[in-house]
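Data block below; observations after.
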Amino acid sequence: MLAFAQYESQAPLTGNPDLMGRRSIKLDGAKNNGSFDSTFIYYPDTLDLPFFDEFSSNHFQVYDVGFSDPGVTSQKEYLILEEATMLPVGNTFALTAQQTFRRVVDINTATYEDVPFVSTTYLVGDFGNFPVVYTPTDLYPPYFIYDTLVTGDVADTVWIPNPEFKQDSATQFFYSLNDPNAYWLEKQAYHNYRFALNPRSLGVVSFDGLDEHGYPYAFGSTLSNYADVLTSKPIDLSSQQPGDSVYFSFLYQKEGLGDVPEASDSLVLEFYAVDLDQWFRVWSVSGGETSPFKVGHLKVTEEKYLKKGFQFRFKNFGSLSGMLDLFHIDYVHLRPLSGYQDTLFKDFAFSYPVGSLIKNYTSVPWDHYKNSPAGKMQNALPVIVHNGSNLMENNQNGTVVVAYNGATEQTYTLPGQTLSGGMPNYSPLTTYTSFHDLSGANAFDPTKMGDEQSFQVRASATAQFPNDPQNDTTKVIQYFGNYYSWDDGTAEAAYGPTGNQARLAIRYEAYEEDSLLGVAMHFVPSVNDVSGKLFLLTVWADNGGEPGQILYEDDVFFPRQPIYEPERNAFHPYFFPDNLKLPVGNVFYVGWRQFDSDRLNIGLDKNLDNSSNTLYSLNGGVSWVTSSIPGSVMIRPLYSTALNDDIGLAVNHNTLSEFSIFPNPASTEIHVKGTQEVEVVDVYSTSGQKIQSHRQSTVDISMLPRGVYFLQVNGSSSFYKCIKL
């Protein structure tokens, strides 16, 4: 899905930075060499009814058992066994499937005779799977013998290098899970609090084309197939009878705040019959545009399911190339003693976590806040709750508690009639968004100074009827960094202007004048890889609500490139060269001037709309247009504060004192000349990865893509920036 407005656009993500970089693989242990060696087999525990998860908390099974932990058992298998005894051959054993022989040479007649060695049958295992399947295989000694029949001569033995069959072993580890608080076996589907549209409670699970690490199943392809799978642990239904009222219910939504699934895409529910060892499709829905959450409701009557070991699973069919074709589920409930009418999900809950308690921003530099804390707290904190009852329910006051190191700093009251939109009661099955003034006091005590400033924030709201209390409270961390930010740290789309020499500028109004070290940007992969495109980091002064005088712009010969950082809240810092600290006023703009027309895919947070502070220009900065796409562009100015005055740049951009490098820019090769001999020149990408190494003074860059690179000469701590045309 692409959405265009004038000459700006947004697009779906093809990676999930919130997950990328998480590498705890469920069944893989210390090795990953095509063998099961040092891997775990987990035996899941069995859950009892009722099964209920509304995803306000994380109930996914964690696989973090160590090899020496209590309860872990192991089994070692050997690659080659004696056929008769089934015992392993020696550790130094090596054999070949190639026919080998002894050659007897008569030097008097210049003739020879080859006497084949007799093969021996061994059992050879396949370490690609467990349990190991052994196959009888005829094998020979891994050498040839040459004998000249001359008295006193010693026969020559010629060994086959690297014979195919060498004794090896692999150990499989076993562990029986016992965690009734963990309901789900896989983590491919994405547990989150941001991608659904007006969910009925905190948290959903989203299905898309990304695996559990946030990477596409088939990057850059047009393939569609089954992607994410969410499987329950085994459940004991053996005490239930076909006539009992066992019901399975859930909520589902298409698209939400993500990409709309096409009609050919689908979300599927399957039940597992343990005695048949077979999965059966029992429900599915095709793609389409978003709508409020809908109900799935099935009675479980077939005897094949009413067994100990029953399981269910959701899976989606859609594009495998990214965060595309989204479906979301919530309130998964399997229980007895229910009925066809029991689909109301009667619950009162927060729909989203509460946001920042700082007025306008999600973070501000601690130095700036402590110098002038008055009036900086939210005067319109948004709180979104849902009354899941089918009846009108009385409201009650809520609270917001701010704590530091476990000690309460301040408690705010959320008036009940404000929560319910000024009405004396909550209307049935209705979502309410209310705004609350917390500006009357200072909850964040400026005297509490530390290396990293953060406060714990807990918000609570309830209604006067029995409901699930776990989602009546939400907890967040209020962080003070060395930057201002409009966004909540998660991207739901990719954004940028389109046009040659287009400019993008994000407006900030700081608490005080200060100096910038650089700008942090959260680029995300989407549709096309634009990490090789170039832009100039730019900072503008204010001119009546629009970018005015350019305070800083990169040298045209030393541009930047989008860098995708596979980490949570993956902002890449783009520092100014030569440790520059750039003075800025209270109002300024940070962004870029791009070279090509392609959208550069900066992250767009669609939960918070600060589009009025996003401006772009397509005519060299002569005129500016305010964005019409709701959201917050994920670009943050980095300040020089007391917390980071000693911060150093990741790369020293000064020219090398002993060497000169020319030409620069270059298209085919770069020459390094200095007062000392050039022994080695290493070439690094802008992300710090070494991509070439040369043991000569001429560096061939003809095969490198166009972009910016850094040269390191003779292992020096200094780097030289160069550009490939």
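The values are calculated or read from the model by the stated rules, or taken from the named source; none is laboratory data. Remember, predicted model here, so these are calculated numbers, not experimental data. Please note: Cβ atoms are built from the backbone with ideal geometry, for glycine as well, and neighbour counts cover all protein chains shown.
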Restricting to segment 599-642, count the residues that are over 25 Å from Gln501 (Cβ atoms) and touching a Pro at 6+ places or on another chain (Cβ under 8 Å). 5
For segment 512-539, give me the residue count where each residue is in contact (Cβ under 8 Å) with a residue 60 or more places away in the chain, buried (at least 18 other Cβ atoms within 10 Å of the Cβ) and of a type outside the set (Val, Ile, Thr). 13
Tally, over segment 266-305, of residues that are exposed (fewer than 13 other Cβ atoms within 10 Å of the Cβ) and either hydroxyl-bearing (Ser, Thr, Tyr) or touching a residue at least 60 places away in the same chain (Cβ under 8 Å) (or both): 4
Given the conditions (1) part of a loop (DSSP other than H, G, I, E, B); (2) of a type in the set (D, E, K, R); (3) in contact with a Lys or Arg (Cβ under 6 Å, 6 or more places away or on another chain), and given that Asp259 satisfies all but one, which numbered condition is not satisfied? (3)
Which of (1) free of Cβ contacts under 8 Å to residues at least 12 places away in the same chain; (2) farther than 30 Å from Phe40 by Cβ; (3) not basic (Lys, Arg) is the odd one out, the single condition Asp126 does not satisfy? (2)
The residue from Tyr272, Tyr183, Tyr226 that alone is more than 24 Å from Gln341 (Cα to Cα), touching a Ser or Thr at 6+ places or on another chain (Cβ under 8 Å), modelled with pLDDT of 95 or more and aromatic (Phe, Trp, Tyr) is Tyr183
Can you tell me which of Val295, Val300, Val282, Val332 is assigned by TED's automatic domain parsing to the domain that holds Lys187, β-branched (Val, Ile, Thr) and within 25 Å of the chain's Cα centre (by Cα)? Val332
Output the residues belonging to segment 613-632 that are touching a residue at least 40 places away in the same chain (Cβ under 8 Å), more than 25 Å from the chain's Cα centre (by Cα) and farther than 16 Å from Tyr484 by Cα. Leu615, Tyr616, Ser617, Leu618, Gly620, Gly621, Trp624, Val625, Ser627, Ser628
Residue set Ser454, Ser439; condition of a type in the set (S, T, N, Q), under 22 Å from Tyr361 (Cα atoms) and under 33 Å from the mean Cα position of the chain (by Cα); output residue Ser454
Restricting to strands (runs of 3 or more DSSP E) lying wholly in segment 108-205: which have 1 or more residues that are crowded, with 19+ Cβ neighbours inside 10 Å? 120-125, 134-139, 169-176, 190-192
Residue tally, condition in a strand (DSSP E or B) and crowded, with 22+ Cβ neighbours inside 10 Å, over segment 206-231: 7
Check segment 652-669 and report whether any residue there is crowded, with 19+ Cβ neighbours inside 10 Å, under 30 Å from Lys606 (Cα atoms) and at pLDDT below 85. no
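Okay, residues lined up against (1) assigned by TED's automatic domain parsing to the domain that holds Leu251; (2) in contact with a helix residue (DSSP H, G or I) (Cβ under 8 Å, 6 or more places away or on another chain); (3) under 20 Å from Val274 (Cβ atoms):
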| position | (1), (2), (3) |
| --- | --- |
| Leu177 | no, no, yes |
| Tyr193 | yes, no, no |
| Leu202 | yes, yes, no |
| Val205 | yes, no, no |
| Gly214 | yes, no, no |
| Tyr217 | yes, no, no |
| Leu223 | yes, no, no |
| Pro234 | yes, no, yes |
Any chance segment 8-31 includes a residue that's touching a His at 6+ places or on another chain (Cβ under 8 Å), in a loop (DSSP other than H, G, I, E, B) and modelled with pLDDT of 85 or more? no
